């Protein structure tokens, strides 16, 4: 029995990318030099691009309707789940990032989040039908690219 539908996973992906964009913009604001600011802003732009990719994937999936008490209830549930339980947690949207003290700690935080995203998507694949796993693999590949860029950036600040 599948717990999540492919559409759920893509909704999660969109939300994770939205949170990533918020984080990278915040990291850019607190970056110690113009080079780091530029890189964080580019990563935020990539999160926007990723969100578009995942939104397009979501649009291609036949949406099935879920019984709701009010319009948008299911999407609100998914967003609360993502905000409270997965990858970035509510702290990001509420502005609290206490472990971020400098550019290197922002890079380390971002690398952890990207790795958590990769692991999350690897895990949720088991809840999908075999035919739907290809799209999740595309998400994982996008997240790996982000991780690689951050690893290269970290070399400059370590």
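All of the numbers you see were taken from the coordinates with simple rules; none came from a lab. Remember, it's a predicted structure, so these values are computed and weren't measured experimentally. Don't worry about glycine lacking a Cβ; one is built from the backbone with ideal geometry, like all the others, and counts go over all protein chains shown.
Some points to look at:
- Taking other C-beta atoms within 10 Å as the exposure proxy, 103, 69 rank 69, 103 from fewest upward.
- Once the chain from residue 129 to residue 37 is taken as fully extended at 0.36 nm per residue, the excess over their C-alpha distance is 29.0 nm.
- Legend: ranking of residues 42, 37, 15 from fewest to most surrounding C-beta atoms inside 10 Å; resulting order 42, 37, 15.
- Prolate/oblate/rounded call for segment 1-49, Cα gyration tensor, a/c under 1.5 rounded: prolate
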